[in-house]
1. Taking a virtual spin label 7 Å from the Cα of Ser309 along the C-beta vector, which residues in segment 235-264 bring their backbone nitrogen under 19 Å of it?
2. As a footprinting exposure proxy, order Lys95, Lys284, Lys326 by other Cβ within 10 Å, with the fewest listed first.
3. Select from Thr248, Leu49, Met274 the residue farthest towards the positive end of the dipole of the chain; place +1 on Cβ of Lys and Arg, -1 on Cβ of Asp and Glu, and compute about the Cα centre.
4. Which one, Pro177, Pro43, Pro214, has the greatest fluctuation when you compute a Gaussian network model over the chain with C-alpha springs under 10 angstrom?
5. Which residue fluctuates most in the GNM of the chain (Cα springs below 10 Å): Ser116, Ser296, Ser106?
6. Placing +1 at every Lys and Arg Cβ and -1 at every Asp and Glu Cβ, with all other atoms neutral, what dipole size does the chain have around its Cα centre, in debye to the nearest 20?
7. Between Asp228 and Ala344, with labels modelled 7 Å along Cα→Cβ, what's the label distance in nm to one decimal, could you check?
8. According to a simple spin-label model (label point 7 Å from Cα along Cα-to-Cβ), what is the distance in nm between Ile114 and Lys42?
Amino acid sequence: MTCKVTETVLGKSLAALDIENDLLSTTVIVDKGADIYRLVYKPSDIDVLWKSPWGIKEYARGFDSAFDSTTAWLEAYAGGWQVLFPNGGDENVYKGAALGFHGEASMTAWDYEILSQGGAAAEVKLSSRLSRSPYTIERWMRVEAGSPILHIRERVTNHAGEDMDFMWSHHPAYGAPFINEHCVIDVGTSSFVADDRYAGSANPLTMSEAYQWPMAGDTDMSRVPGDDEVRDILAYFRDFDSGWYGITNVELGVGVGLTWDASVFPYAWFWQEMNATPGFPFYKNSYVMAIEPASSIPGQGLTTVMESSGTHLTLSPGQSNEIEMKAVFYESAAGVNSIDADGAVHLK
């Protein structure tokens, strides 16, 4: 088939785009943060992204009763893949602006333009001028015929007349039926460290402790627990030689990988919520994991990052920064040794 882009609606009212070629398809919710809601490998007919039990919240229906940004973000979290910008994690106040949990970019509508389709490639441009902070965020998404790669290029621009500090990351969350006890994780670093505040209720990691991948004590963290083995963690991969990881379901023989520019995103947040956390929002009823390329750690909000690790990014007036990423599907019964920046996968 030729590559194509289809304008569609999710639920009753949310504008979205389907972007596809012969090997993959993806659905982007333009009315909600340009979230990547579906990412499907067509030969296996499997969507690798998690869907939350509470589903899609439509802005035109019901009444918003959330009084804090964390509750609002989680109520609107339908699963899938978000961009977190210009904040990541806890809400905080920066230069007089209340930066909400996980940032404004994932909670606003984006504009879009279909740049090409109907032939050997399809490409769209999405963009949003934020209201609370003086940024434009732009994203180009592209697929090419015969290629299992989703190409993503994203750019942020500071429109203020002063320097602006920020956090920037991508939050792809993976779930069943792709994620199960037959999944293994390979990653382009051997160094990870547990968050210094996240205790969890079934966490094999010790807060603030550094580990050598894949072991954390007697626990092999490269093995994904099944949905009957509770676990909740927050940790951070660091010291990447190159930015990549692969998650392989060795029983299905299918994997998904991500590769990115580690000079812009030198970290990756590692989150697992495996039916472990009681109470809102998961109620011991969510089986999900994410590995999230990120500019900054810890995931505790911009002002905490500025005070603790100094890993935030800064843009001068009129300055932009860009990241390129590729999501790639592959077939393997063992995992991967590496994924190149061009998306080439080297299998075990």
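1. Correct set: 235-245, 259-264.
2. Numbers: Lys95 11, Lys284 15, Lys326 22.
Arranged by neighbour count, lowest to highest, Lys95, Lys284, Lys326 become Lys95, Lys284, Lys326.
3. After comparing all options, I get Leu49.
4. Comparing Pro177, Pro43, Pro214 in the GNM, the peak value goes to Pro43.
5. Of Ser116, Ser296, Ser106, the Gaussian network model singles out Ser116 as fluctuating most.
6. Details: 23 positive and 47 negative charges, 118 e Å.
The calculation lands at about 560 debye.
7. 4.3
8. If labels sit at Lys42 and Ile114, their model points lie 1.6 nm apart.
Each value in this text was obtained by applying a stated rule to the coordinates, not by laboratory testing. Remember, predicted model here, so these are calculated numbers, not experimental data. Using ideal geometry, Cβ is built from the backbone for each residue, glycine included, and neighbour counts are taken over all protein chains shown.
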